[in-house]
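> Would you mind keeping the following structure in view while I ask a few things?
The values are calculated or read from the model by the stated rules, or taken from the named source; none is laboratory data. Because the structure is predicted, anything quoted here is derived from the model rather than measured. All Cβ positions, even for glycine, are placed from backbone atoms using ideal geometry, and neighbour counts span all protein chains on display. The accessibility values were calculated without ligands, DNA or RNA, using every heavy atom of the protein model including side chains. Shrake-Rupley method; radii C 1.70, N 1.55, O 1.52, S 1.80 Å.
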Amino acid sequence: DEVLTLFVAGHETTATGLSWSLQLLCEHPDWYAKVQKEVDALPADPTVADLPALGLCLRVFKESLRLYPPVYMFGRQTLEPVEVGGVTLPQDTVVLLSPYTLHHMRSVWPDPKRFDPDRFLPEAEASRARYSWLPFGAGPRVCIGNHFAMMEAQLVLATLLRRYRFESLGHAEPETSATFRPNTAMPMRVHARKTS
């Protein structure tokens with residue numbers, strides 16, 4: 001089950017998150033320019049050793065997952081009676097959690113629809129409650145591929161932006177399916193870049 005989760009669930013969620021990242025960067029040219037500068041500062045295509053130098057790439061991906069979490073809802077079942085917000089839930093109650101709803105709460109995320117990767121600067125993350133960002137779930141049932149997905153997405157985004165320039169030709173909206181994915185294709189013009 002764990003291997004199947006990594007290979008089947010992992011590819012679509014990461015690819016969806018990267019698609020949203022590219023669309024958001026195309027729609028926010030100031031952020032795109034900043035990420036491009038970060039990536040162009042590398043001496044060659046990025047490797048794992050470059051991860052510390054790709055902080056903005058990571059923040060862009062995290063903010064994309066905040067705005068469009070691929071897993072927009074997941075369930076948990078109570079093992080015993082538990083009180084939540086003044087309501088007692090009996091044993092075997094199925095509780096649905098929505099990262100999308102949580103990630104758009106104004107009390108946690110000011111101006112929640114605005115794309116702002118600096119929400120994930122270390123000091124900003126430290127100031128928020130631990131479970132205010134849940135694209136991978138949390139606790140003992142957290143996604144087993146979360147660390148791999150973050151590393152993979154950071155490197156793939158940096159590699160794509162180093163090799164190509166993306167120009168959006170349309171805007172997709174999210175729709176619910178197995179994942180929170182674009183409702184249409186994300187048409188983009190892709191230009192090869194000359195890199196050193």
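> Kindly sort TYR100, TYR72, TYR131 by accessible area of their heavy atoms, largest first, with the probe set to 1.4 Å.
Ranked from most to least accessible, the order is TYR131, TYR100, TYR72.
> For a quick check of understanding: with a 1.4 angstrom probe and all protein chains in place, what accessible area in square angstrom does SER132 have, to the nearest ten?
The accessible area comes out at roughly 10 Å².
> Suppose each label sits 7 Å from its Cα in the direction of the beta carbon; what would the ARG189-THR101 distance come out to in nanometres?
For the pair ARG189/THR101, the computed spacing is 4.2 nm.
> For ALA41 and ASP118, what does the FRET efficiency come to when R0 = 25 Å and r is the distance between their Cβ atoms, rounded to the nearest 0.05?
0.85
> Hey, which lysines would be in cross-link range of LYS194, C-alpha to C-alpha under 16 Å, not counting anything within fewer than 8 residues on its own chain?
Those lysines meeting the cut-off are LYS37.
> To continue, here is another question. Which Rg and Dmax, in Å, describe the Cα atoms of region 86-170?
Cα radius of gyration and Dmax of region 86-170 are 17.0, 54 Å respectively.
> For region 118-196 and region 36-84, what is the separation of their C-alpha centers, rounded to whole Å?
Cα centroid of region 118-196 versus Cα centroid of region 36-84: 6 Å apart.
> Candidates (i) 137; (ii) 117; (iii) 105; which is the computed volume of the Cα convex hull per residue in Å³?
(i)
> What part of the accessible area of the chain, given as a whole %, is carbon or sulfur when the probe is 1.4 angstrom?
59
> With a 1.4 Å probe and every protein chain left in place, work out the accessible area per residue of region 53-184 in Å², rounded to a whole number. Can you show the working numbers first?
Numbers: 7270 Å² over 132 residues.
Accessible area per residue, region 53-184: 55 Å².
> With a 1.4 Å probe and all protein chains kept in place, how do CYS57, CYS143 rank by accessible area, largest first?
Descending accessible area places them as CYS143, CYS57.
> To continue, here is another question. Add -39500 (n - 2.57) for each DSSP H run of 4 or more in the chain, then divide by its residues: what number comes out at 222 nm, to the nearest 500 deg cm²/dmol? Before the final figure, lay out each step's value.
Values: 6 runs with 72 residues, N = 196.
After summing the helix terms and dividing by residue count, I get -11500 deg cm²/dmol.
> Would region 134-196 count as rounded, prolate or oblate if I go by the C-alpha gyration tensor, calling it rounded below 1.5 in a/c and otherwise prolate when a/b exceeds b/c, oblate otherwise?
Here region 134-196 falls in the oblate category.
> Here is a further query. Rounded to the nearest 10 Å², what accessible area does VAL48 have for a 1.4 Å probe in the complete protein model?
90
> List the extent of the Cα atoms of region 65-114 along each of their three principal axes, largest first, rounded to whole Å.
Its Cα atoms span 39, 23, 8 Å along the three principal axes.
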